[in-house]
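**Student:** Could you have a look at this structure, given as structure tokens, before my questions?
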Amino acid sequence: MWWRRLFHRSESEAELEKELRFHLDQHAGDLIARGHSPAEARRRARLALGGPEQVKEGCRDARGTRWLEELLQDLRYGARAMSKNPAFTIAALLTLALGIGANTAIFSVVNAVLLRPLPYPEPARLVTPVGEKNDPGARTVVSYPDFLDWRDQTQALERVAAYTQSSMLLRRGEAEPELISGANVTADLFPLLRVRTALGRAFTREEDKPGAAPVILISHDVWRNRFNADPGVIGQPLNRGAAGSAIVVGVLPEGFVFPAQSIRTDYLRPLAPSLGEWAERRGAFSLRVLARLKQGATAGQAEAEMRVIGDRLERQYPDAGSRLGTRFVSLHESVVGGVRAPLLVLLGAVGLLLLVACANVGNLLLARAASRHREIAVRTALGASRLRVVRQLLTESVLLSLAGAGLGVPLAVWGVRLIVGGAGVALPRLTDVSPDGRVTAFTIAVTGLTGVAFGLAPALQASRVELHEALKEGERGASAGAARARLRAALVVSEVALSLVLLAGAGLLLKSFVRLRGVDPGFDARRVLTTALSLSKTKYPGTEQRRAHFAEIVERVRAVPGVESAAAIYPLPFGGAESSNSFLVLGREAPPPGDRPSANYRAVSHDYFRVMRMSLARGRAFTEHDGEGAPPVVIVNETFARRFLPGRDPLGERVVIERAGGGRDVQEPREIVGVVGDVRHAGLDEEAGPEFYVPYSQAPESYMSVVVRTAVDNPAGIGVGVRDAIRAADAGQYVPAVRPMTELVAESVAHRRFGALLTGLFAALALSLASVGIYGVTSYTVTQRRHEIGIRMALGAQPRDVLRLVVGQGSRQLLAGLGIGLALSLAATRVLAGMLYHVTPTDPVTFALVTLALSSVALLACYLPARRATKVDPLIALRYE
């Protein structure tokens, strides 16, 4: 070659020759890309580089910055190549934007919920008790007296705090009262969490005693929005309406949330004054506990110590049923443990979607590389090494991936907003979703790996050229060889297999959700409205006053036009609250307090079963005669009768319900007068447990939910009349939104709907990408074999023979992908076992349907270009060749 005469064969001169080859290669490649012939490109490149001495001097000057020059030139060349093929670029960018955007959105949620540490100092030392499945008697909630003994006797825990979540009305002047949510906490919570107030101070142990003057801390948002960030709010009374006022002693730090799974915390107030008479009851188990381990202590040590304290309290108070035996887990685990598996499944699903997108773009690159075969051959002839060609093609792939990420990030932002604001599912810590260093690093890593993943194989394949044949055969040299055809087929098989895995998982989740929605909750939620009411203990301090007021409310609501009947209940089905009480069956030996059975307690007005259309299996329902002076009665559900009274007639049996409210620690015996069908109070996916119902008039509560059955199919318009009727009974009564009961039922399965729909969306996108990929590969194959098809038809082949030839090739790839996909699906769907409801992870019907759906779409994608191949005119095809 002409440049070899310029240098002697020393090592340094060899390096200069390498530099020269690089410059010739780059300049000639640019000229070819602009439309010049290879010969003209070589001539112009030599002229542009000047004489030998200029070349030699230029190479020396550029040696220190060669890597940067190469990168910039590769990027410029890649950008020009992308702009010259807009159809390819748009298809690839949209595909990558979907894959990268979806991955970034889901990872942002996973990062905020699962990976980001709790916003407290040293969160790893924060623990909370959880129950053991094999020890149902062990309590995860404690009474206030038990908590005080536990706090004073522990050695393994640095601090222990107790709390309950609560809500209250915030009133300012004549404005509409606002219901705000917060928690009643012990004073030890602040040093335990190491929280410093933004303004003022935290309350003290002296202020956290029964009967102490009411004080309160308000959140930073309440201080800013309701008090205009006035520093003078400290020491001022906060009007809580009929509940009286509380002195503001501090403002919580901005963004502070407690408990950690809460969406927001508007206030904190002392626990003990809020308990009233329950502060003295050792048997009133209602308090959640949070603790901080001492430095060097382990959760196992704290568990052992807690059991010792629990045994000591049981011996000291044998009638209280005190049991603390359970285990400790980190606070983070208790918050996110229930959503870890569904979120990881979603992350895996979106990862599969990205792999399908990579395979799709890889096939596009293979097809594009065929048209650049001659260009790559010329560059190789000019001295470009195979590594240099691969690097250039990979640079183009990464550039394409970066552009796809640029489009995908806005999609990710939109997706996160959809999940946070419109998904209809309450994920813990979802308000913490925001971009941070981890999300940024993830997006960069996914972008880079994606560019390499879909670009490496096509680059390696495209860089393998036979110069003599490529330059001699012209355009025919661009036809795919056997190796390239095998690679294209492998990518199609991968797309089919990965799509089938996604479709199988989505199919199982959707079938599970459909079955769950078909579950009978035990009542008819259609045409039922409900709202929750809390009576002021200051305005209605006695049981008789509460009984009379709720009776008046029910009567007024029943008189609203369009209302068929009305009733009251506590706790409401699907309302999120539960009340479990231990009991004794008279005539049987009483077990020890800690081992007594328990059932869910419901207080209802006499018309409740008729309003909810619950089935009465035996006996009778309550009547208006089951009042305060009547004999105590109770109605149990079928699970109660089956579990605790097997083989016996439950009617006439007498039970003693302990700690059932009404100001009495132990009630008198109640006769079972009826048995009703089971109701799934906690959720459609939760089996009904044992329950008993008592007449509200015999055990009044201060908190009840009103349920209303209407005479119209769309009861939403009657809600205004219901609110007005309640306020007519008490103008100062706060009435929250009146909601259809069907909404509460739907919300109980919102997390399953969220997972099923999102996985289904990813599966649908993967199916679309796979079908487009199969169509593209088949179309490209038809184009490349046009000459062959023309010869076959000229020799007598019929259109059906051509159709069989093209579809048969696609069918073989489809069958291979289905076989691999089924094997992968059978293994992968086992991780869904805990998320399915009455559906096995290997459900044959689901697998058959998704396989049929994928096969139909894939065969259609093969058929369309095959049908076009049957219309090839042999004379035109042969003349063109």
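**Student:** Pairs please, first residue from the stretch 328-341 and within 19 Å of SER108 (Cβ to Cβ), second anywhere and open to solvent by 50 Å² or more (accessible area, probe 1.4 Å) and aliphatic (A, V, I, L, M), Cβ atoms under 9 Å, 6+ apart in sequence or on different chains.
**Tutor:** Within 9 Å, the pairs are HIS332/ALA124; ALA341/VAL831.
**Student:** Would you be able to tell me the number of residues in the stretch 812-850 that are part of a helix (DSSP H, G or I) and of a type in the set (S, T, N, Q)? Steps first, answer last, please.
**Tutor:** Keep residues of the stretch 812-850 that are part of a helix (DSSP H, G or I), which gives 812-835, 844-850.
Subset that is of a type in the set (S, T, N, Q): 813, 825, 829, 846.
Looking only at that region, the number is 4.
**Student:** Does ALA750 satisfy being closer than 22 Å to PHE107 by Cα and of a type outside the set (S, T, N, Q)?
**Tutor:** Considered against the rule, which asks whether it is closer than 22 Å to PHE107 by Cα and of a type outside the set (S, T, N, Q), ALA750 comes out as yes.
**Student:** State whether one or more residues within the stretch 519-531 are more than 36 Å from the chain's Cα centre (by Cα) and crowded, with 20+ Cβ neighbours inside 10 Å. Walk me through how you get there before you give the answer.
**Tutor:** First, pick out the residues of the stretch 519-531 that are more than 36 Å from the chain's Cα centre (by Cα): none.
Taking every residue of the stretch 519-531 in turn, none turns out to be more than 36 Å from the chain's Cα centre (by Cα) and crowded, with 20+ Cβ neighbours inside 10 Å.
**Student:** Here is a further query. Here is a list: VAL679, VAL708. Which entry is assigned to a strand (DSSP E or B), touching a strand residue (DSSP E or B) at 6+ places or on another chain (Cβ under 8 Å) and either buried (at least 20 other Cβ atoms within 10 Å of the Cβ) or at pLDDT 85 or above (or both)?
**Tutor:** Values: VAL679 fails: assigned to a strand (DSSP E or B).
Criteria check complete, one pass: VAL708.
**Student:** If a residue must be open to solvent by less than 70 Å² (accessible area, probe 1.4 Å), of a type in the set (A, V, I, L, M) and part of a strand (DSSP E or B), how many such residues does the stretch 607-623 contain? Spell out the reasoning first.
**Tutor:** If we filter the stretch 607-623 for residues that are open to solvent by less than 70 Å² (accessible area, probe 1.4 Å), which is where we start, we get 607-609, 611-612, 614, 617, 619, 621-623.
Now drop any that are not of a type in the set (A, V, I, L, M), which leaves 611-612, 614, 617, 621.
Pick out the ones that are also part of a strand (DSSP E or B) and you get 617.
Counting residues in the stretch 607-623 that are open to solvent by less than 70 Å² (accessible area, probe 1.4 Å), of a type in the set (A, V, I, L, M) and part of a strand (DSSP E or B) gives 1.
**Student:** Quick check on my filter: what residues within the stretch 736-765 are surrounded by fewer than 18 Cβ atoms within 10 Å (Cβ to Cβ) and not in a helix (DSSP H, G or I)?
**Tutor:** If the condition is that a residue be surrounded by fewer than 18 Cβ atoms within 10 Å (Cβ to Cβ) and not in a helix (DSSP H, G or I), then PRO736, ALA737, ARG739 are the ones that fit.
**Student:** Go through (1) open to solvent by 20 Å² or more (accessible area, probe 1.4 Å); (2) modelled with pLDDT of 90 or more; (3) over 36 Å from the mean Cα position of the chain (by Cα); (4) not polar (S, T, N, Q) and name the single condition ALA242 misses.
**Tutor:** Failed condition: (2).
**Student:** Condition check: out of contact with any strand residue (DSSP E or B) (no Cβ under 9 Å at 6 or more places or on another chain), over 20 Å from ALA489 (Cβ atoms), free of Cβ contacts under 8 Å to residues at least 40 places away in the same chain and not basic (Lys, Arg). Does ALA827 satisfy that? Give the derivation first.
**Tutor:** Details: out of contact with any strand residue (DSSP E or B) (no Cβ under 9 Å at 6 or more places or on another chain): yes; over 20 Å from ALA489 (Cβ atoms): yes; free of Cβ contacts under 8 Å to residues at least 40 places away in the same chain: yes; not basic (Lys, Arg): yes.
Here the answer is yes, as ALA827 does meet what is asked.
**Student:** In the stretch 113-140, what residues are assigned to a loop (DSSP other than H, G, I, E, B) and at pLDDT below 80? Walk me through how you get there before you give the answer.
**Tutor:** Just the residues of the stretch 113-140 that are assigned to a loop (DSSP other than H, G, I, E, B), to begin with: 116-122, 131, 133-134, 136-140.
Hits for the stretch 113-140 are GLY131, LYS133, ASN134, PRO136, GLY137, ALA138, ARG139, THR140.
**Student:** Take the conditions crowded, with 20+ Cβ neighbours inside 10 Å, at pLDDT below 90 and farther than 16 Å from VAL694 by Cβ and apply them to PHE574. Does it pass? Lay out the reasoning, then the answer.
**Tutor:** Working: crowded, with 20+ Cβ neighbours inside 10 Å: yes; at pLDDT below 90: yes; farther than 16 Å from VAL694 by Cβ: yes.
In short, yes.
**Student:** Run down LEU411, LEU364, LEU387 and say which single residue is modelled with pLDDT of 85 or more, open to solvent by 40 Å² or more (accessible area, probe 1.4 Å) and in a helix (DSSP H, G or I). So that I can check it myself, show each step before the final result.
**Tutor:** On the way: LEU364 fails: modelled with pLDDT of 85 or more; LEU387 fails: modelled with pLDDT of 85 or more.
Unique residue meeting the criteria: LEU411.
**Student:** Search the stretch 788-820 for residues being in contact with a Lys or Arg (Cβ under 9 Å, 6 or more places away or on another chain) and surrounded by fewer than 16 Cβ atoms within 10 Å (Cβ to Cβ), and hand back the single one that is farthest from ALA497 (Cα to Cα).
**Tutor:** For the stretch 788-820, the residue satisfying everything is PRO799.
The rows are residues; the columns are (1) of a type in the set (Lys, Arg); (2) in contact (Cβ under 8 Å) with a residue 24 or more places away in the chain; (3) assigned to a loop (DSSP other than H, G, I, E, B).
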site: VAL248; (1), (2), (3): no, yes, no
site: SER274; (1), (2), (3): no, yes, no
site: GLU277; (1), (2), (3): no, yes, no
site: GLY296; (1), (2), (3): no, no, yes
site: VAL308; (1), (2), (3): no, no, no
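**Student:** Just give me the residues in the stretch 414-436 being open to solvent by 60 Å² or more (accessible area, probe 1.4 Å), modelled with pLDDT under 85, out of contact with any Ser or Thr (no Cβ under 8 Å at 6 or more places or on another chain) and in a helix (DSSP H, G or I), in sequence order.
**Tutor:** Result: ARG417, LEU418, GLY421, THR431.
**Student:** Quick one: in the stretch 830-871, which of the residues that are among the polar types (S, T, N, Q) and in contact (Cβ under 8 Å) with a residue 24 or more places away in the chain is farthest from ARG517 (Cα to Cα)? Show your work before the answer.
**Tutor:** The first filter runs over the stretch 830-871 and keeps only residues among the polar types (S, T, N, Q), leaving 840, 842, 846, 851, 855-856, 870.
Now restrict to residues that are in contact (Cβ under 8 Å) with a residue 24 or more places away in the chain: 846, 851, 855, 870.
Details: THR846: 18, THR851: 25, SER855: 29, THR870: 49 Å.
Top of the filtered list is THR870.
**Student:** In the stretch 624-661, which residue that is small (Gly, Ala, Ser) and closer than 27 Å to GLU555 by Cα is surrounded by the fewest Cβ atoms within 10 Å (Cβ to Cβ)? First the steps, then the outcome.
**Tutor:** Here is the first cut: in the stretch 624-661, the residues small (Gly, Ala, Ser) are 627, 629-630, 641, 647, 652, 660-661.
From what's left, closer than 27 Å to GLU555 by Cα: 627, 629-630, 660-661.
Working: GLY627: 15, GLY629: 7, ALA630: 14, ALA660: 22, GLY661: 19.
So the residue we want is GLY629.
**Student:** If you go through the stretch 175-212, how many residues are under 17 Å from PRO259 (Cβ atoms) and of a type in the set (Ser, Thr, Tyr)?
**Tutor:** Summing the residues that are under 17 Å from PRO259 (Cβ atoms) and of a type in the set (Ser, Thr, Tyr) in the stretch 175-212 gives 2.
**Student:** So in the stretch 246-282, with the set limited to residues that are open to solvent by 10 Å² or more (accessible area, probe 1.4 Å) and of a type in the set (Gly, Ala, Ser), which one is modelled with the lowest pLDDT?
**Tutor:** Taking the candidates together, the pick is GLY276.
**Student:** A follow-up question, please. Inspect all residues belonging to the stretch 543-556 and state whether any of them is assigned to a loop (DSSP other than H, G, I, E, B) and either of a type outside the set (Phe, Trp, Tyr) or modelled with pLDDT of 90 or more (or both). Explain how you work it out, then say what you get.
**Tutor:** Taking the stretch 543-556 and keeping what is assigned to a loop (DSSP other than H, G, I, E, B), we get none.
Scanning the stretch 543-556, I find no residue that is assigned to a loop (DSSP other than H, G, I, E, B) and either of a type outside the set (Phe, Trp, Tyr) or modelled with pLDDT of 90 or more (or both), so the answer is no.
**Student:** Now a separate question. Just give me the residues in the stretch 76-116 being aromatic (Phe, Trp, Tyr) and surrounded by fewer than 20 Cβ atoms within 10 Å (Cβ to Cβ), in sequence order.
**Tutor:** Step one: list which residues in the stretch 76-116 are aromatic (Phe, Trp, Tyr), which gives 77, 88, 107.
If the condition is that a residue be aromatic (Phe, Trp, Tyr) and surrounded by fewer than 20 Cβ atoms within 10 Å (Cβ to Cβ), then TYR77, PHE88 are the ones that fit.
**Student:** Is it true that some residue in the stretch 165-177 is open to solvent by less than 60 Å² (accessible area, probe 1.4 Å), at pLDDT 85 or above and not in a loop (DSSP other than H, G, I, E, B)?
**Tutor:** Yes: one or more hits.
**Student:** Scanning the stretch 213-236 for residues that are of a type outside the set (A, V, I, L, M, F, W, C) and closer than 16 Å to PHE256 by Cβ, which turns out surrounded by the most Cβ atoms within 10 Å (Cβ to Cβ)?
**Tutor:** Restricting to residues being of a type outside the set (A, V, I, L, M, F, W, C) and closer than 16 Å to PHE256 by Cβ, the top hit is SER219.
**Student:** Enumerate the pairs (first residue in the stretch 676-702 and without any contact (Cβ under 8 Å) to a residue 60 or more places away in the chain; second residue anywhere and of a type in the set (D, E, K, R) and open to solvent by 30 Å² or more (accessible area, probe 1.4 Å)) with beta-carbon separation below 7 Å, excluding pairs fewer than 6 apart on the same chain, so at least 6 apart or on different chains.
**Tutor:** GLU686/ARG680
The values are calculated or read from the model by the stated rules, or taken from the named source; none is laboratory data. Computed from a predicted structure; not experimentally measured. Please note: Cβ atoms are built from the backbone with ideal geometry, for glycine as well, and neighbour counts cover all protein chains shown. Side chains are part of the model used for accessible areas, which takes the heavy atoms of the whole protein and leaves out ligands, DNA and RNA. Shrake-Rupley method; radii C 1.70, N 1.55, O 1.52, S 1.80 Å.
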